[in-house]
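The values are calculated or read from the model by the stated rules, or taken from the named source; none is laboratory data. What you see is a predicted model; the values in this text were computed from it and never measured. Note that we place each Cβ from the backbone using ideal geometry, even for glycine, and neighbour counts take in every protein chain shown. To get the accessible areas, we keep the full protein, side chains included, count just its heavy atoms, and leave off ligands, DNA and RNA. Shrake-Rupley method; radii C 1.70, N 1.55, O 1.52, S 1.80 Å.
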Amino acid sequence: MAETHSYDIVCKIEMHEVNNAVDQAKKQLAARYDFKGSKASLTINSDNSIALIADDDYKLGSLTEILKEKLEKRGIPLKALNFGKTENALGGTVRQTVTLQSGIPMEKAREIVKFIKGLKLKVQSQIQEDKIRVTGQKIDDLQSIIKAIKDQDYDFAMQFINYK
C-alpha cells in the first residue's frame with residue numbers, strides 16, 4: 001500500500017506569548033510620556049480576551065498599536081485578533097475588548113475544504129472539530145495546497161502543523 005502524507009490546518013494561539021506581550025505593552029505604557037497620569041490599562045480576562053481601557057479614542061488607538069506591535073514581535077498573528085466595538089466606560093474612559101481566535105470557525109473551514117476540492121488535486125480534506133486534516137499520496141500536492149491557501153489570504157489566522 002502506498003504511503004500517505006498529511007497535515008492539519010489549525011489556528012492556535014500561544015497564551016504564554018500573549019501574556020508576555022501584554023506584560024511588555026504594560027511596561028512600555030508605564031514608560032511613555034503621553035500616558036503619564038493616564039487611566040490607560042491592559043488586562044487579560046479569564047476568557048482569554050484582552051481588555052483595553054484608555055482616557056479617549058486617541059489614547060486607545062495608541063494603546064492598540066502598542067499591543068499589536070508587542071504581539072507581532074512575539075509571533076502572534078494579528079489576523080487572530082478580533083477587535084470589539086469601542087464603548088464608553090466609567091470615569092470618562094473608553095473600553096475595547098480584543099478576543100483571540102482559537103480554532104477555525106466551521107463556516108471558514110467549509111470554505112477552505114471547498115477551495116481545496118476546487119483545486120482538483122488527488123487529496124482528501126476533512127473537518128475535525130476546529131481543524132482541517134488534509135491527506136494525500138504526493139507531498140508535492142500537499143505543498144501546492146499550502147501555497148494556494150496562503151495565496152488566498154484569508155481574513156483569519158491559520159497554521160499548518162503535524163506535517164507527516
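Among 83-94, 32-43, 133-144, sorting by the average number of other beta carbon atoms lying within 10 angstrom of each residue, highest first, gives 133-144, 32-43, 83-94.
FRET efficiency for the pair Lys164 and Lys73, taken as 1/(1 + (r/R0)^6) with r the Cβ-Cβ distance and R0 = 22 Å, rounds to 0.10.
Roughly how many percent of the accessible protein surface of segment 40-131 is carbon and sulfur, given a 1.4 Å probe and a whole-percent answer? Carbon-and-sulfur percentage of accessible area, whole number: 48.
Of all lysines in the structure, the ones whose alpha carbon falls short of 25 Å from that of Lys79, not counting any fewer than 8 places away in one chain, are Lys12, Lys26, Lys27, Lys59, Lys68, Lys70, Lys108, Lys114, Lys117, Lys131, Lys147, Lys150.
In a reduced charge model with +1 at each Lys and Arg Cβ and -1 at each Asp and Glu Cβ, the chain shows a dipole moment near 240 debye about its Cα centre. Based on the alpha-carbon gyration tensor of segment 28-94 and its eigenvalue square roots a ≥ b ≥ c, which shape applies: rounded if a/c is under 1.5, prolate if not and a/b is larger than b/c, or oblate? Oblate is the answer for segment 28-94, as a/c is 1.5 or above yet b/c matches or exceeds a/b. Subtracting the Cα-Cα distance of Gln126 and Leu90 from their residue separation scaled by 0.36 nm leaves 8.2 nm. Determine the shape class of segment 58-103: with a ≥ b ≥ c the square roots of the Cα gyration tensor eigenvalues, call it rounded for a/c under 1.5, and otherwise prolate if a/b is greater than b/c, oblate otherwise. Oblate, since a/c reaches 1.5 and b/c is not below a/b. Taken about its Cα centre, segment 24-93 carries a charge dipole of about 320 debye when Lys and Arg each add +1 at the Cβ and Asp and Glu each add -1 at the Cβ. Accessible surface computed residue by residue for segment 60-164, with neighbouring protein chains in place and a 1.4 Å probe, gives 61 Å² per residue. The candidate values were [x] 1.24; [y] 1.30; [z] 1.01; the one computed from these coordinates for Cα Rg over 2.2 N^0.38 Å carries the label [y]. Give me the aspartates and glutamates in straight-line cross-link reach of Lys73: C-alpha distance below 12 Å, same-chain residues under 8 apart excluded. The qualifying aspartates and glutamates are Glu17. From its DSSP helices (H runs of at least four residues, each -39,500 (n - 2.57)), the chain gives a residue-normalised ellipticity at 222 nm of -12000 deg cm²/dmol.
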